[in-house]
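The values are calculated or read from the model by the stated rules, or taken from the named source; none is laboratory data. Please read these numbers as outputs of a predicted model, since none were measured by experiment. All Cβ positions, even for glycine, are placed from backbone atoms using ideal geometry, and neighbour counts span all protein chains on display. Remember, those area values only see protein heavy atoms, side chains included, never the ligands or the DNA or RNA. Shrake-Rupley method; radii C 1.70, N 1.55, O 1.52, S 1.80 Å.
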Amino acid sequence: MAAGKEISHKGKVLEVKGNVVSVEIISQSACSACHASGLCSMSEAVSKVVEVPVADPASFAPGETVDVLLAPSMGLKAVLAAYVAPLLVLVALCIGLSYTGIGELYTGLSGLAGVALYYLCLYLSKGRIAGEYAFTVRKENN
């Protein structure tokens, strides 16, 4: 992906309520595109619904195919929150506790508990965090 380009996913408009458009995005694994995906249990597709505020809701209709866009900086921020920060918590706890003389079992369990606590805090603050990610939607270019 080139720098400065937004992250884009194709989606289908489910409904339009007020100034909010609900768009369904189908996230597919690489295996689901395989010709043998019907015979294999490894392929998966997950449906996600994103609610996007729009200025002109009348220009969108249910069933219409659209592009849901997110700024690249928002994608980087999501990766940092979901993967990098918990890794740092795990490493810091494991290294810090290993120098205190606590056994390896308790050090490892404490590291896992720290990561679980981090994800719990992230989950509990999802309402505040959701406002920081600004999705936009545009009609698909044919």
- Could you list, in sequence order, the residues of the range 63-73 that are part of a helix (DSSP H, G or I) and surrounded by 12 or more Cβ atoms within 10 Å (Cβ to Cβ)? Pro72
- Tally of residues being more than 24 Å from the chain's Cα centre (by Cα) and within 30 Å of Ser8 (Cβ to Cβ) across the range 61-104: 1
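Restricting to the range 74-90, and then to whatever is in contact with a helix residue (DSSP H, G or I) (Cβ under 9 Å, 6 or more places away or on another chain) and open to solvent by less than 70 Å² (accessible area, probe 1.4 Å), can you tell me which residue is farthest from Lys126 (Cα to Cα)?
Leu90
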- Message: Looking only at residues that are in a loop (DSSP other than H, G, I, E, B) and touching a residue at least 24 places away in the same chain (Cβ under 8 Å) in the range 121-142, which one is most open to solvent (accessible area, probe 1.4 Å)?
- Response: Asn141
- Message: For the condition at pLDDT below 85 and open to solvent by 90 Å² or more (accessible area, probe 1.4 Å), what is the one hit in Ala58, Ala45?
- Response: Ala58
- Inside the range 1-42, can you point out the residues that are open to solvent by 80 Å² or more (accessible area, probe 1.4 Å) and modelled with pLDDT under 75? Met1, Ala3, Gln28, Ala30, Ala33, His35, Leu39, Ser41, Met42
- Item | Every residue from the range 89-120 that is in a loop (DSSP other than H, G, I, E, B) and among the hydrophobic types (A, V, I, L, M, F, W, C) | Ile102
- Message: For the range 72-90, give me each residue that is touching a residue at least 12 places away in the same chain (Cβ under 8 Å) and of a type in the set (Val, Ile, Thr).
- Response: Val89
